[in-house]
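Encoded as structure tokens, the structure appears first; notes follow it.
The values are calculated or read from the model by the stated rules, or taken from the named source; none is laboratory data. These figures come from a predicted structure and were not determined experimentally. Here the Cβ positions follow ideal geometry from the backbone for every residue, glycine too, while neighbour counts run over all protein chains shown. Surface areas here come from the heavy atoms of the whole protein model, side chains and all, with no ligands, DNA or RNA. Shrake-Rupley method; radii C 1.70, N 1.55, O 1.52, S 1.80 Å.
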There are 2 protein chains.
Amino acid sequence: MPRKLMPDPEGLAHETRQPAIILCEPQLGENVGAAARAMANFGLHDLRLVNPLQGWPHPKARAAASGALRVIDNVRVFDSLAAAIGDLAFTYATTARQREVPKPVVGPRAAAGRLRSLLTAGSRAGVIFGRERIGLTNDEVSLADEILTLPVDPQFASLNVAQAVLIVAYEWRIGELADEAASLPFASGAGEPAPREELVRLFEQLEGALDAVNFFRPLEKRPHLVQSIRAMLHKAGLSEQEVRTLRGVVAALERRPTRPRRLPDGSITTERGKFE
Amino acid sequence: MPRKLMPDPEGLAHETRQPAIILCEPQLGENVGAAARAMANFGLHDLRLVNPLQGWPHPKARAAASGALRVIDNVRVFDSLAAAIGDLAFTYATTARQREVPKPVVGPRAAAGRLRSLLTAGSRAGVIFGRERIGLTNDEVSLADEILTLPVDPQFASLNVAQAVLIVAYEWRIGELADEAASLPFASGAGEPAPREELVRLFEQLEGALDAVNFFRPLEKRPHLVQSIRAMLHKAGLSEQEVRTLRGVVAALERRPTRPRRLPDGSITTERGKFE
């Protein structure tokens, strides 16, 4: 796509495929910074402020952003909510309490899906957040298409604005990634499960070692005990390396020499505690 | 269930069906408070601290908890991670970077599902979080069954411990509620859609009003224009009250008296701007 060849005076063409976050009259610079930090963690960068009470830029916002400078340096300030959402085709108003306005109410997961559909279709969209203490006025809510609220415990509903932004941004990112596991910054280090023949060799080695010390008594119980032990080893989902380690553990516990082995220099070793 | 009849010296029987949150050597009291606040919003109450660096209790923790006293007042402090997780049957270690330990790595959504299965089956489980700057040591990670990490943007991964707790607690609560819409603290205020006959009366009133001012010109275009207008009104999903309001709006814009109407006192009114 020839994105870079198109005129983009604001440098924001790449942001049109993600929702804008609009904060109405935020009272504290640090909350703006914390919201910016929350956004950056989940890949959102279009932050707009309506009449920030402490002015803009604000040093505490920068400090609280904890390095989210791509967000902080591109903040745009507006003198009305209407101006801040002027270029958007759809907005959610985030509220913690029920309003008298007859609007659909959705949660952050449904909202993320809707935002994705809109943005994929080429529309710009955003999510509006209110003041720290009193949220959005009914007048401001009336400018939004729908209401977004969070599934908090009704007995303790007290999220601050940056926490609410964090949840919305998180759901946006989760929804963007089809598969949660694939979206994580690193993958499981557990390794592939060992080939079953290696696991069976471990079974045989361990059961042989236990037979040698008369572990299975009375002998009628042997089949049941063997099954229990094998089940535990199965549940562990052992990798090839882990099977090797366990076989070494068993050999070591047996305190028996490994089978004699010829070393490269031609000598024979029966070193304890290793199993070949 | 006879829960209340069973001895419960710690008053924590009701907490066994939810995961414990364990913070390892948190450096700042306010972060403990912010984590407690995050937990309470999503219905978690079992917070355990391993060697909090500023001691416990801590006034800044209480202030930052913003009223989450059920969590703060029940915090338990331990002198080792092993002691803090001693009664649990399964734990996740939360890490932001890959570790050398061969453990499964999951995201918060999968973890919430696994925790739910375990707790439903009667096992206790928990999620371990590390220090603000350096997270968990490899030794601490080795005490956990699996690794939990968050799907952050690899280009800006900088969540603080309270933000990480917030996401985990949110996913726990979302997973607990089968249906996101049902889990929200209030429902849509949009009202039932109006009966279609009322919507049709609105169509007829509006189209009649437009006919009266020769809006539909040339007349061949009338059917298409009528369809467009009706489609817009359909999309709005109007409630009965909204239809009544719109009919009043149309009547008012027509600047015509409503149909004469007999009032209870027997007089006749032709009041403007209302439509009966």
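Details
- Only one of the listed residues (A:V32, A:V101, A:V77) is on the phi < 0 side of the Ramachandran plot and in a helix (DSSP H, G or I). That residue is A:V32.
- Any hit, region A:76-90, residues being open to solvent by less than 50 Å² (accessible area, probe 1.4 Å), within 14 Å of another protein chain (Cβ to nearest Cβ) and more than 19 Å from A:M39 (Cβ to Cβ): no
- Filter pass, B:R37 being open to solvent by less than 10 Å² (accessible area, probe 1.4 Å) and among the basic types (K, R): no
- Residues within region A:110-150 that are open to solvent by 70 Å² or more (accessible area, probe 1.4 Å) and not in a loop (DSSP other than H, G, I, E, B), tallied: 5
- When each of B:Q98, B:Q155, B:Q163 is tested for being open to solvent by less than 60 Å² (accessible area, probe 1.4 Å) and within 11 Å of chain A (Cβ to nearest Cβ), the lone residue that passes is B:Q163.
- Within this structure, A:R173 fails the test of being part of a helix (DSSP H, G or I) and either open to solvent by 60 Å² or more (accessible area, probe 1.4 Å) or free of Cβ contacts under 8 Å to residues at least 60 places away in the same chain (or both).
- Those helices (runs of 4 or more DSSP H) lying entirely in region A:192-276 with at least 2 residues at pLDDT below 80: A:222-235, A:240-254
- Among residues of region A:40-51 being out of contact with any helix residue (DSSP H, G or I) (no Cβ under 6 Å at 6 or more places or on another chain) and open to solvent by less than 30 Å² (accessible area, probe 1.4 Å), the one that is nearest to the other protein chains (Cβ to nearest Cβ) is A:N41.
- Some residue of region A:52-66 being within 14 Å of another protein chain (Cβ to nearest Cβ), assigned to a helix (DSSP H, G or I) and loosely packed, with under 15 Cβ neighbours inside 10 Å: yes
- Considering only residues in region A:144-175 that are more than 19 Å from the chain's Cα centre (by Cα) and of a type in the set (D, E), the one that is nearest to A:R133 (Cα to Cα) turns out to be A:D153.
- Qualifying residue in region B:117-138 (condition: within 12 Å of chain A (Cβ to nearest Cβ) and aliphatic (A, V, I, L, M)): no
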